[in-house]
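These notes concern the structure reproduced below.
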Amino acid sequence: MSAAAKKGVVLVTGVDLAPQAVDILRDYELVFAGAKPTEDDLLKLSTQHQPVAIIVRYGGITSRIMDANKALRVISKHGTGIDTIDSRAAQERGIAVKAAAGANAPAVAEHTWALVFACAKNVVGLDARMREGHWDKSTHKSLELQGRTVGLVGFGAIGRRVAATAVSLGMRVLAYDPYAKGTPPGVQLADLDTLFAQSDVLSLHCPLTAENRHMINAASLARMKDGAILVNTARGGLVDEQALISALNSGKLRAAGLDSFEKEPFAAPHPLQGVRNVILSPHIGGVTEDAYIAMGTGAAANVLTVLEAEQAIA
């Protein structure tokens, strides 16, 4: 189909989409914004191309971008977190906001456990010591997870997968999620105070909202067990980084594993780089080949669902 015969433009805030996603959108012209599009970049492209849909990989979608064209009908996230989209502004303008729910759940759940194990067993620290010529067998003590309590903040697709692994390890599982309808065997719903007080491992799996920003702060960290582990594969804004650094340096927390940060990309120099008992990764929990395909096809399918529904009504 020639560009002139296409049904409209879909703007992608990235450099590519999985071929399977491109095929789903074959009746639309795809315009790619590049690896690190700014608001001005997206504003210019929106004005120029008048997209009927935006697939969000990188960068944010503001009201200014929405107002740059009158054709926009749907903003579709290439993933699950929609905090980079001004959803209220979209609702006010009658623009649908969709997420590829669950598309990256297996990948993020696996990365969560990679960070938990690395923290509990001090994998990174021991590797560094070995490379320096040390043999710490007589002095090192790892944390055994069997019989310990893991607290999950959020019990959606990712949290449920993390819980299943915890149950298989013989751990006690507590979960906080005001929207959870129920839990599988081995998982108990609890309030946040209970999670803070009883968790040996606290893992975050909830979206970022205005209400829960910095939910991990000096007060909540003080309520946690001495020697607990914190893992965040959700959104960086959930954690007050300065309060976390204090808890790690004081020994209040045994360790932390972070895959997301208050400001991304993570820019050096950063205070976390000098903290020995934190493990850092560049928000790649959901970055696998399988997740790339699932997020792309999910985002593309969401675009078609909204546009085709509107076309049917028209």
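For the reader, a short list of remarks on this structure follows.
- When we screen Ala118, Ala89 for residues that are outside the structural domain of Ala256 (by TED's automatic domain parsing) and either modelled with pLDDT of 95 or more or under 21 Å from Leu189 (Cβ atoms) (or both), the only hit is Ala89.
- From the list Ser199, Ser246, Ser203, the one residue that fits, being within 27 Å of Val124 (Cα to Cα) and either surrounded by fewer than 22 Cβ atoms within 10 Å (Cβ to Cβ) or not assigned by TED's automatic domain parsing to the domain that holds Leu115 (or both), is Ser246.
- Among the criteria (1) closer than 30 Å to Leu169 by Cα; (2) assigned to a loop (DSSP other than H, G, I, E, B), the one Phe117 does not fulfil is (2).
- Scanning the range 223-248 for residues that are over 18 Å from Arg148 (Cβ atoms) and either hydrophobic (A, V, I, L, M, F, W, C) or out of contact with any helix residue (DSSP H, G or I) (no Cβ under 9 Å at 6 or more places or on another chain) (or both) gives Ala234, Arg235, Gly236, Gly237, Leu238, Val239, Ala243, Leu244, Ile245, Ala247, Leu248.
- Subset of the range 101-115 (residues that are surrounded by fewer than 23 Cβ atoms within 10 Å (Cβ to Cβ) and modelled with pLDDT under 95): Ala101, Gly102
- Residue in the range 294-314 that is modelled with pLDDT under 95 and either of a type in the set (Asp, Glu) or closer than 21 Å to Ile158 by Cα (or both) present: yes
- Subset of the range 135-155 [assigned to a loop (DSSP other than H, G, I, E, B), surrounded by 11 or more Cβ atoms within 10 Å (Cβ to Cβ) and without any contact (Cβ under 8 Å) to a residue 60 or more places away in the chain]: Asp136, His140, Ser142, Glu144, Leu145, Arg148, Phe155
The values are calculated or read from the model by the stated rules, or taken from the named source; none is laboratory data. Given the structure is predicted, the values throughout are model-derived calculations rather than measurements. Glycine also receives a Cβ, built like all others from the backbone with ideal geometry; neighbour counts cover every protein chain displayed.
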